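Scroll down for the structure; my scribbles are underneath it.
Rule-based calculations on the coordinates, nothing more; no lab input. Remember, predicted model here, so these are calculated numbers, not experimental data.
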Amino acid sequence: GHSIGVHGKHHVSWTSLADKQLEAELSECKMWLEDLLGQPIRSCCAPDGEVNRRVLRTIQRCEFRVCCTAWPAMNRLADAGGSLSRIYVGRADTLHTFMQKVRGAPLVYLRRKLRKAILALHKRLLNR
């Protein structure tokens, strides 16, 4: 099976939005999908998988049951608490790297985190 969920109206980082902006980003997209499909939308997936406690509280207020994140981990039903980890699989992944990701090998994620940190620093320096 599958489900259809919200990924945001403008595909911006939810952690960077103020509370009212975040609520609008989620609720407007949710209403649009519900009107289009005629069914309640209960799931969402954060752009770039970035969430924090404040975002998770807002997600609950908007009546989502689950939010997919980019936290590299395997999911256990008892630990879910409304968020699900997901494993990014891209074109460059081989069976070997895929298996490392599934097993939670920390070095697999180091390259992605390092690249993201460098890009954020570069962006911050350009905006000065």
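General remarks:
- Ignoring lysines fewer than eight residues from K30 along the same chain, the ones with Cα atoms less than 19 angstrom from its Cα are K9, K20.
- Of all aspartates and glutamates in the structure, those lying under 17 Å Cα to Cα from K113, and not within fewer than 8 positions of it along the same chain, are D48, E50, D93.
- Between V6 and S43, C44, C45, the built amide H atoms are under 5 Å apart, and every one of these is 5 or more places off in sequence or on another chain.
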